Amino acid sequence: MSGAMTDGDTEGVWEIRAGAPRTKRRPAAPIGAVEDLDYNNPHGHNIERVWFDGHVVFATEQGELEVDPERVKVAQEYQVVYSVRLTPDGRLESGTAPERVAGQLNIYDSIPGMATYSPIWRFNYVVVPRDHVANTLRSERDCLESGHPILKSRIFEN
């Protein structure tokens, strides 16, 4: 497809406005560029705000799944917590949940269009002290350079 959509086109990168499809192009520089977003959420998915490289982006969460990260490409998601209890194999201890920092958004290492992107996310828990201020960590780099312990889990989400 080269530019304008025709009546014969059956698929493509389109946006749909008022019921009419039209050709959609991604911003030339997706990182840092702001794309106006219209999304009517026809399937009623939960939408969450997450940090990526200091910018708030939107994501849907479809639930946990089992994958072998040696065979399946995964991206990294960081959750900032006061505490978390993982088993030796990296799963949450039975009956426990991470103690999250109230108001802190999760952090993604990549977005669609990047070579490191995957729709499957591995949770990494960044364990911070009680005086941590929410949303001062806003990127993977912030997490890695923070000096706080990061616990890599065997918890994956799509």
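Go through segment 38-57 and give me each residue that's within 16 Å of residue 116 (Cβ to Cβ) and either of a type in the set (Asp, Glu) or in contact with an Asp or Glu (Cβ under 7 Å, 6 or more places away or on another chain) (or both). Hit for segment 38-57 is 53, nothing else. Note on segment 72-99: residues that are in a loop (DSSP other than H, G, I, E, B) and in contact (Cβ under 8 Å) with a residue 60 or more places away in the chain amount to 5.
For segment 100-158, how many residues are among the small types (Gly, Ala, Ser) and assigned to a strand (DSSP E or B)?
Quick first cut of segment 100-158, residues among the small types (Gly, Ala, Ser) only: 102-103, 110, 113, 115, 118, 134, 139, 146-147, 153.
Filter once more, so that each one left must be assigned to a strand (DSSP E or B): 153.
Final tally of qualifying residues: 1.
No value in this document is a laboratory result; all are computed from the given coordinates. Please read these numbers as outputs of a predicted model, since none were measured by experiment. Every residue, glycine among them, receives a Cβ derived from its backbone with ideal geometry; neighbour counts consider all protein chains shown.
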